[in-house]
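One structure below.
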Amino acid sequence: MELPVVNLKVILLVHWLLTTWGCIVFAGAYAWANFTVLALGVWAVAQRDSIDAIGMFLGGLLTTIFLDIIHISLFYPRAGLSDTLRFSAGMAILSLLLKPLSCCLVYHMYRERGGFLGPSQERSAYQTIDSPESPVDPFGEPEGQNQAARGY
């Protein structure tokens with residue numbers, strides 16, 4: 001199944017916007033966790049070939065899914081919600097709902113960069129030890145021609 005190409009910058013922009021709006025009602029630990037993960041995402045954009053950067057961003061997204069569930073369930077305001085607080089809580093919940101989709105897309109990018117036996121490891125140019133094919137000697141001469149012993 002081929003996933004549509006989604007730019008990592010778009011994922012970061014959406015999560016930044018939703019996190020900023022969610023921080024109106026959920027500040028403190030919610031903001032620190034999500035903005036730290038967004039910083040890892042900026043690192044993944046800056047170093048396009050780094051498996052570590054995209055892997056850390058993916059791990060951070062997975063971690064913030066669980067942290068957001070805990071934080072929203074514990075600190076959701078129960079009484080006296082103004083329209084602004086209701087909007088902010090809704091954006092935090094929308095951010096939480098979009099994170100699994102973002103994780104799938106970021107995982108696909110992680111695989112493209114070579115993580116978990118991605119393309120760079122599947123098509124290896126190296127020959128295995130127990131391969132039945134014999135290696136080709138680029139300096140060898142065809143068999144039967146000038147096979148005299150060479151002195152060194």
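What FRET efficiency, computed as 1/(1 + (r/R0)^6) with R0 = 22 Å and r the Cβ-Cβ distance, is obtained for ALA31 and CYS104, rounded to the nearest 0.05?
Step by step, r from the Cβ atoms, then E = 0.35.
Out of the total accessible area of segment 18-82 (probe 1.4 Å, heavy atoms of protein only), what percent is carbon and sulfur?
With neighbouring chains kept in place, the figure for segment 18-82 is 71 percent.
Check each of the trypsin sites (Lys or Arg not before Pro) in segment 9-82 and keep only those in coil by DSSP with at most 14 other C-beta atoms within 10 angstrom; list them in order.
Taking segment 9-82 and a limit of 14 other Cβ atoms within 10 Å, the loop trypsin sites (Lys or Arg not before Pro) found are ARG48, ARG78.
So, by mean Cβ neighbours within 10 angstrom, what's the order for 34-44, 62-72 with the highest one leading?
Packing proxy ranking, top to bottom: 34-44, 62-72.
With labels modelled as points extended 7 Å from the Cα through the Cβ direction, what inter-label distance (nm, one decimal) is found for PHE116 paired with ILE65?
1.1
Multiplying the sequence separation of LEU13 and SER73 by 0.36 nm and subtracting their Cα-Cα distance, what value in nm do you get?
Taking 0.36 nm per residue and subtracting the Cα distance, the gain is 19.1 nm.
Karplus couplings for segment 56-73 from phi (6.51 cos²θ - 1.76 cosθ + 1.60, θ = phi - 60°), rounded to Hz, Gly and Pro as x?
For segment 56-73, the Karplus curve yields 5, 5, 5, x, x, 4, 5, 5, 5, 4, 5, 5, 5, 4, 5, 5, 5, 5 Hz.
Find the accessible area per residue for segment 1-91; the probe is 1.4 Å, ligands and nucleic acids are left out, and the unit is Å².
Spelled out: the 1.4 Å probe surface of segment 1-91, per residue, equals 60 Å².
The values are calculated or read from the model by the stated rules, or taken from the named source; none is laboratory data. Keep in mind the model is a prediction, meaning the values are calculated, not measured. Neighbour counts run over all protein chains shown; Cβ positions are idealised from the backbone, glycine included. Surface accessibility is based on the protein's heavy atoms, side chains included, excluding ligands, DNA and RNA. Shrake-Rupley method; radii C 1.70, N 1.55, O 1.52, S 1.80 Å.
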